[in-house]
Amino acid sequence: MQFRDLIKQYNVLKPEMDKAMLDTAASGGYIMGKAVKELETMLAEYVDVKYCISCANGTDALNLALKAWNIKEGDAVFVPDFTFFSSAEVVSLERATPVFVDVDADTYNMDPISLENAIKRTINEKKLKPKVIITVDLFGLPANYPLIRQIADKYNLLILEDGAQGFGGSINGKMACSFGDISITSFFPAKPLGCYGDGGAIFTDNEEWTSIMDSLRVHGKGSFKYDNVRIGVNSRLDTLQAAILKVKFNAFKEYELEKINEAANIYTSKLKGIVKTPIVPEGYYSSWAQYTITLKNKEQRDGLQAYLKDKGIPSMIYYPKPMHEQTAYKELSYKKGSSPVAEMLSDCVLSLPIHPYISESDIKIVFEAICEFKRKYIPN
Ligand SMILES: *Cc1c(COP(=O)(O)O)cnc(C)c1O
């Protein structure tokens, strides 16, 4: 059994995919070819924002947004404590300071109450200037934008939506990657919409920021490639990856998103009451980058992972450490207990195999193994 079966997906899409890749090879337009602009237009339309700019990966996408906003030393950027390292790394790259915010135990996403407390604390300490909230749509579920937007407005902060895992999700029909003042996604192969290497995209309705980020991604170009008006980076999406993404995007829209939701619903209906299953609030829709359960403690979690492994069932721990415990952030001197929920989750979460092509019989093997483990090793 595969954790996320990308080869199965390739085999289903093979005729179209092979044609798209070979056509790109034959076209000669390997950098910023026709497929790049076509993909950007398709994605902007799907997300329902004015502008989409593709780039080399999701981390660069986040970083380009912070650069466009001129985030710098002395600025505070609020980041959930339970996320992939990139979400905070990009803040430090601009010499600003990430302020870690605890998350909600049901949704795994940034907790609005902890966010407001962190903003107030930062204002009172007078050392850093609050500027941006980076929300993460963790495991495919959009963050709590109705409340977070209110807080952002109250304190005059910008929202950067890290939708690296969230593409395809929505709240009451409004799509993920449209909630931020700038939003981003990643096309890393295992993300909800992945390519065959690295890729990323930025979404916004703001024309000025779009033109800055469009310039930044190509060495700060001005009116043409050899007119450089600012210091930028080299962060383009390859034409080949854009061509691959166009094929995958169709499958994603047509049936993959629906299929993965069916798989998640089966897991939840079978596992409810046996382990803590992920909660999708009313009106929210997840793209299920991960299906993550929570055990009672670390012993049970590690025990279950070993038990599944014995039966040939892969599972992953996303994430084994909250951000504030990362060695790279030790000089920020956070103490144990500063994010009780993020700390608990890093001990107790386990992500199960899920993807649009998983069979019902594979799902059954997984949940039956979990039930068996529970009967054998966890007394009621
Ligand atoms: C994967 C990921 C990123 C980074 O994306 P890359 O394309 O790998 O650079 C950023 N944030 C989150 C939450 C992610 O899961």
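The values are calculated or read from the model by the stated rules, or taken from the named source; none is laboratory data. All figures in this text were calculated on a predicted structure; none of them were measured in a lab. Every residue, glycine as well, gets a Cβ built from its backbone with ideal geometry; the counts of neighbours run over all protein chains shown. SASA here: full protein model, heavy atoms, side chains in, ligands and nucleic acids out. Shrake-Rupley method; radii C 1.70, N 1.55, O 1.52, S 1.80 Å.
Tell me, what is the per residue accessible area of the stretch 84-218 in Å², probe radius 1.4 Å?
Per-residue value: 36 Å².
Determine the alpha carbon to alpha carbon distance for each of Lys276/Lys335; Lys154/Lys298; Lys174/Lys298; Lys225/Lys253; Lys34/Lys253 and list only those over 30 Å.
Lys154/Lys298; Lys174/Lys298; Lys225/Lys253, as the Cα separations exceed 30 Å there.
Tell me which GluC sites (Glu not before Pro) from the stretch 302-374 have a DSSP coil assignment and no more than 10 other beta carbons within 10 Å of their own. Don't jump to the answer; show the numbers that get you there.
Working: sites: Glu325, Glu331, Glu343, Glu360, Glu368, Glu372; in loops: none.
Qualifying residues, ordered by number: none.
From the residues Pro340, Leu237, Pro112, which one has its Cα farthest along the dipole of the chain in the positive direction, the dipole being from +1 and -1 charges on Cβ of Lys/Arg and Asp/Glu about the Cα centre?
Of the candidates, Pro340 comes out farthest on the positive side.
If N is the number of residues in the stretch 1-154, what value comes out of its Cα radius of gyration divided by 2.2 N^0.38 Å?
Here the Cα radius of gyration is 1.31 times the empirical estimate.
Under the rule that an exposed site lies in a DSSP loop and has at most 15 other Cβ atoms within 10 Å, name the longest stretch of the chain with no trypsin sites (Lys or Arg not before Pro) of that kind, not counting the sites themselves. Show your work: numbers first, answer last.
Values: sites that count: Lys50, Lys72, Arg95, Lys126, Lys127, Lys225, Arg230, Lys296, Lys311, Lys335, Lys336.
Maximal segment without exposed cleavage sites: 128-224.
Starting from the eigenvalues of the Cα gyration tensor, five times each then square-rooted, give me the equivalent ellipsoid semi-axes of the stretch 1-69, largest first, whole Å.
26, 19, 13
Using the Cα centre as the reference, give the magnitude of the dipole from point charges on the C-beta atoms of the chain (Lys, Arg: +1; Asp, Glu: -1; all else neutral), rounded to the nearest 20 debye.
Result for the chain is approximately 640 debye, rounded to the nearest 20.
Sequence gap at least 6, Cα distance under 8 Å: using those rules, report the relative contact order of the stretch 11-92 to the nearest whole percent.
Numbers: 26 pairs, mean separation 16.7, N = 82.
Reported as a whole number, the value is 20 percent.
Starting from the Kirkwood radius over alpha-carbon pairs of the stretch 115-235, derive D by Stokes-Einstein at 4 °C in a medium of 1.567 mPa s and give it in µm² s⁻¹.
My calculation gives 81 µm²/s for D.
Hey, any idea what % of the chain's accessible area is carbon plus sulfur with a 1.4 Å probe?
Percent of accessible area from carbon and sulfur atoms in the chain: 53.
Mean projection of the alpha-carbon convex hull of the stretch 250-299 over all orientations, in nm²?
About 4.3 nm², averaged over all directions.
If you line up the Cα atoms of the stretch 263-340 on their principal axes, what length do they span on each, largest first, in Å?
Here the Cα extents, ordered largest to smallest, are 44, 38, 21 Å.
Over the stretch 243-311, with the other protein chains present, what is the accessible area per residue in square angstrom, probe 1.4 angstrom?
Accessible surface, normalised per residue, equals 47 Å².
Along the charge dipole of the chain, which of Ala306, Ile266, Pro15 sits closest to the positive end, that is, farthest toward it, with unit charges on the beta carbon of Lys, Arg, Asp and Glu (+1, +1, -1, -1)?
Result: Ala306, furthest along the dipole toward the positive end.
Translational diffusion coefficient of the stretch 147-193 at 4 °C, 1.567 mPa s, Stokes-Einstein with Kirkwood Rh over Cα pairs, in µm²/s as a whole number.
Stokes-Einstein gives a translational diffusion coefficient of 114 µm²/s.
So what is the accessible area of the stretch 34-79 per residue, in Å², with the probe set to 1.4 Å?
Accessible area per residue, the stretch 34-79: 38 Å².
Roughly how compact is the stretch 236-377, stated as its Cα Rg over 2.2 N^0.38 Å to two decimals?
1.23
Over all directions, how big on average is the projection of the convex hull of the alpha-carbon atoms in the stretch 98-158, in square nanometres?
4.0
Which percent of Cα-Cα pairs in the chain sits in each 10 Å bin, short to long?
So the P(r) values, bin by bin, are 5, 24, 31, 25, 12, 2, 0.
Spin-label point model (7 Å from Cα, Cβ direction): what's the Met1 to Lys127 distance in nm?
Using points 7 Å along Cα→Cβ, the separation is 4.7 nm.
Using only Cα atoms, what Kirkwood radius does the stretch 28-108 have, in angstroms?
Taking every pair of different Cα atoms in the stretch 28-108, averaging 1/r and inverting gives 14.8 Å.
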